[in-house]
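The values are calculated or read from the model by the stated rules, or taken from the named source; none is laboratory data. Because the structure is a prediction, the values reported are computed rather than measured. Please note: Cβ atoms are built from the backbone with ideal geometry, for glycine as well, and neighbour counts cover all protein chains shown. Note: areas computed on protein heavy atoms with side chains; ligands, DNA, RNA excluded. Shrake-Rupley method; radii C 1.70, N 1.55, O 1.52, S 1.80 Å.
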Amino acid sequence: MNPFSSGTRLRDMIRAIRACKTAAEERAVVRKECAAIRAAINENDQEYRHRNLAKLMFIHMLGYPTHFGQMECLKLIASAGFPEKRIGYLGLMLLLDERQEVLMLVTNSLKQDLNHTNQYIVGLALCALGNICSAEMARDLAPEVEKLLQFRDPNIRKKAALCSIRIIRKVPDLAENFINPAAALLKEKHHGVLITGVQLCTDLCKVSSEALEYFRKKCTEVLVKTLKDVANSPYAPEYDVGGITDPFLHIRLLKFLRVLGQGDADASDTMNDILAQVATKTESNKNAGNAILYECVETIMSIEDNGGLRVLAINILGRFLSNRDNNIRYVALNMLMKAISVDAQAVQRHRATILECVKDSDASIRKRALELVYLLINESNVKPLTKELIDYLEVSDQEFKGDLTAKICSIVEKFSPEKIWYIDQMLKVLSEAGNFVKDEVCHALIVVISNAPDLHGYTVRALYRAFQASSEQESLVRVAVWCIGEYGDMLVKNVGMLDVEDPITVTESDAVDVAEIAIKRQSSDLTTKAMALIALLKLSSRFPSCSERIRDILVQQKGSLVLELQQRSIEFNSILEKHRNIRSALVERMPVLDEATFSGRRAGSVPTTVSSSTGATLKVPNGVVKPTAAPLVDLLDLTSDDVPAPSSSGADFLNDILGVDLSPASAHSGTSQAAKNGTDVLLDILSIGTPPAQSISSTPDIFSPSQNQKTPVASLDALLTPSPVSARAASPQAASSIIDLLDGLGPGPTVPENNGPAYPSIVAFESSSLRIMFDFSKSPANPQITVIKATFTNLSSNVYADFVFQAAVPKFLQLHLDPASSNTLPASGSGNVTQTLRVTNSQHGKKSLVMRIRIAYKIDGKDVLEEGQINGFPRDL
Amino acid sequence: MGIRFILMVNKQGQTRLAQYYEYLTLEERRALEGEIVRKCLARTEQQCSFVEHRNYKIVYRRYASLFFLVGVDNDENELAILEFIHLLVETMDRHFGNVCELDIMFHLEKAHFMLEEMVMNGCIVETSKANILAPIQLMEKSS
């Protein structure tokens, strides 16, 4: 007996599958059935083909592959009977898709069926074509479909309309052919045809702009009239949904009106009345009514401005917002986001409700409300809103926290009215959700902290407290460790207390504890540990009493398996032990980090190498320098270079140089000063301050009268590369000039190329005690490079020791300094020191060289400093 | 455009009817169905019926033991789709008489026919129950 003879076999199969308890059983059953079906296909069984196909469809729905059934579909389509054709087309649409080549074989059948006398078959063919036709098929069969658009039967017309939509989507060129028939469809009475006709026209407008024009001119009134008829029509049982006649047609018409009215004032005018009528008359106690109102509001928002209508729309939205149904509220929030661009004031009125929605139990509503709140924030309401959001952060669930944190951080950054508020909010966020905070946000916070010198004490104390409370938040630990390292002495001595603070007593060892905990904890990651190491180094200089303890901690990390930590601990250890004398200079306060460039760099606009904007001056010393690393982006660790000879270390730090702001008006605080106190030329990086009234740390600077200190030389630019600038206390300095010295020696050959045109030597600088002569030569190969041989002559009767020559050039020049021939300048011109400089002029021919120089030396142990500007360079250099 | 897919899923997560209006491979479909169904089934009564998934929205409603999920584009009117789901259920109810999950399962092709009359290529075609059911009733009478 043929197992497939009984018609209930499909049902049995379904029952069998449902009875399976495990997935393996189900797979077995399905495999058996598939085998049976394949056998039947091979035998070319006519009778039960359609049953087999139905079974195949079920199996396909479950997710098993069914390609062997595709040819069956084709055979069924080609057969004469209606049920077979029906199932064949259904199978075609389910089992195949437009990418299969088998589809091409169907084209001929489709063509025949489109011209069939039986209109249901025509309908079937249109359906199939409309669902899965590919571009080639569309092109072939388009004329047929066009003809059918005018068929006598409305059912066929509506199907033909939808089929046309697919055709014009696949082949936009054919759109012109369909414009006229489509316009005719708009005058129909039959709702089905009308709805599809409207859809067809909407799509035509999307695809081709001339269609849009055509419809705008000709059809707007027709549409308005149709909508009016539908809205005012009496009760029609066929299309009635919840008391409203055919809401779907309403919505489609409104959508089409939206497309027509967008950007066109005339069309919008014609629509105003009907929109007002729909907006006011529709009942909103049923979902259908709400759907229509929603569409209406969307349309009003998109068409050209009309004050009265807009007010109406926003009122409707307000009503939606207070509806208890979650769906309606969601929809209202969605619309409000679009309404903000149109009328922000009105949306502000609903702020309280929106804030409530952020705390809703429904995830979709929460997300929408949060985005809306983010758009609503401006300077006036930022404080209360942020407070609400942060309060909610504590109780929100994990997946939402990430989003919420990111939004809060960006709000705080953009709108914070004052620094102390910013720091407060960020601390709260860090304590709550530090793990979700991104790195750049932490960096930005650090930049802001360093820019607010009067708040340093407050900040570091707040961070200390926060650290005690919630030390598992990684970012909080990082920021805390950095601040404690920088401003540890403020913490211990309670410097700069603000009124709102409670006094706390923190001993030095407590501060060291913080860093130690950060290092020792298992869950700290590499960056945190590295930052903690640096902080310890800084603390060891600020709290000499804890040096031993700090040294022990550092020594422990020497054997760390991570290269970074090991390297740092070894280097810092060697600083602690061998280089005590320069330690304090190394780890003095960092200069203020420039916010503007920082945010510019963050936005990717500023290249990370040379500092930006306005003609910064590069200062290049002739010494090797060892900067301490900053916890920020670039951590330069130079290998320690103890050799006093000014041999350059390998890295060329010309690129990492920061320009320094010498403008007196600069508000940046905490910068400048202290002359070099080390005797070694190399190791210190000086910030040399120029204001004469400056009290400088260890040694007095004697400024020679020829200096021109008030001239702003360069602008302060970013400091993401650390320079161990020995910046002094945080009090703002007027006219501070900071000069960063980083290693800039190019280890080049010291022999200047002497061929090339000769230039006259000049006396670059002359004072009562010193004369500098420059000899020029150019290499013929590259006219932009000038080699200058500088000769220093001592005009006084003292011997100058530790002679250091530094020079700075504007941005379009690049300077290389070779080592000087000696550090000691004998008295009274009995000998001289030479040094070679190489200058590359990128604006060769357009601008000549200028240079600022600084000379420092010691007379009997006292430091002397001279500065000057050299303008007398020959042109064409 | 418009509607991307229509699914009917029972409470255990088994798909009872699936109609896609965009092309997805079999694996993609199964993955998609798994994800969406998990999301929707986990929601409570109080939560709203719209779920955002990747770049489109899912509008869903639960009728007895069956979930009706419709995936739509982001700019589609969600309330209208809710109405559409209700219309679909009412149509099937009229045809099968007190439709239940088993009816759909055992007469899958008829459910598909009905759906085809209502939605074509992602757009709603016909919303009058009489017009939808007329061809199907004709077919049944003739066979």
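Here is how the numbers come out for the structure above:
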read-out	value
Nitroxide proxy distance, nm - points 7 Å out along Cα→Cβ at residue B:75 and residue A:273	2.9 nm
Cross-link pairs beyond the 26 Å C-alpha cut-off, checked among A:147/A:189; A:281/B:39; A:407/A:428; A:85/A:158; A:387/A:493	A:281/B:39; A:387/A:493
Gyration tensor verdict on the stretch A:785-877 (Cα atoms; rounded if a/c is under 1.5, prolate if a/b is larger than b/c, oblate otherwise)	prolate
Length gained when the stretch residue A:115-residue A:235 is fully extended (0.36 nm per residue, less Cα-Cα span)	39.4 nm
Estimated FRET transfer efficiency when R0 is 35 angstrom, pair residue A:397-residue A:22 (beta carbons, to 0.05)	0.50
Centre separation in Å (Cα based) which lies between the stretch A:445-479 and the stretch A:202-246	62 Å
Reachable aspartates and glutamates from residue A:206, criterion Cα separation under 18 angstrom, eight or more residues apart if same chain	A:173, A:176, A:264, A:298, B:73, B:75, B:76
At least 50 Å² accessible surface lost relative to isolated chain, residues of the stretch A:246-264 (1.4 Å probe)	A:248
Cα convex hull of the stretch B:3-137, projected area averaged across orientations, nm²	7.9 nm²
Fraction in percent of alpha-carbon pairs per bin - 10 Å, the stretch A:208-304	16, 51, 26, 7, 0
Whole-Å distance, taken between Cα centres, linking the stretch A:373-388 and the stretch A:557-580	47 Å
37 °C / 0.692 mPa s Stokes-Einstein diffusion coefficient of the stretch A:447-567, Kirkwood radius on C-alpha pairs, µm²/s	227 µm²/s
Label point distance in nm, residue A:862-residue A:581, each placed 7 Å from Cα along Cα→Cβ	2.0 nm
Kirkwood-Stokes translational diffusion coefficient of the stretch A:352-422, alpha-carbon pairs, 25 °C, 0.890 mPa s, µm²/s	201 µm²/s
For the stretch A:245-295: span of alpha carbons on each principal axis (Å, largest first)	33, 18, 15
Contour minus Cα-Cα distance for residue A:387 and residue A:281 (0.36 nm per residue)	34.0 nm
Charge dipole magnitude, Cβ of K and R +1, D and E -1 - the stretch A:189-274, Cα centre, debye nearest 20	120 debye
Residue order for A:552, A:360 - accessible surface, 1.4 angstrom probe, largest first	A:552, A:360
FRET E, pair residue A:221, residue B:43, Förster distance 30 Å, beta-carbon r, rounded to 0.05	0.10
Kirkwood-type radius of the stretch A:129-177, with distances r between different C-alpha atoms, in Å	10.5 Å
Label-to-label distance, nm, for residues given as residue B:96 and residue A:510 (7 Å Cα→Cβ offset)	7.3 nm
R0 of 51 Å, Cβ-Cβ distance residue A:374-residue A:566: FRET efficiency to nearest 0.05	0.70
Paramagnetic reach from residue B:63 in the stretch B:104-123 [backbone N under 17 Å; point 7 Å along Cα→Cβ]	B:104-119
Estimated D of the stretch A:287-425 in µm² per second, where Rh is the Kirkwood radius over Cα pairs and Stokes-Einstein applies at 20 °C, 1.002 mPa s	136 µm²/s
Mean Cβ count within 10 Å, highest first, over the residues of peptides A:269-276, A:295-302, A:762-769, A:338-345	A:295-302, A:269-276, A:762-769, A:338-345
Radius of gyration, Dmax [the stretch A:176-230; alpha carbons; angstrom]	10.5, 29
Which listed pairs, of A:438/B:57; A:789/A:846; A:419/A:847, have C-alpha distances above 31 Å, in listed order	A:419/A:847
Area accessible to solvent at residue A:366, 1.4 Å probe radius, in Å²	30 Å²
The stretch A:5-145: C-alpha pair distances exceeding 19 Å, %	53 percent
Mean separation of Cα contacts under 8 Å, 6 or more apart, over the residue count of the stretch B:3-137: relative contact order %	24 percent
Cross-link pairs A:217/A:286; A:414/A:538; A:55/A:111; A:159/A:255 - those with Cα-Cα distance over 24 Å	A:217/A:286; A:414/A:538; A:55/A:111
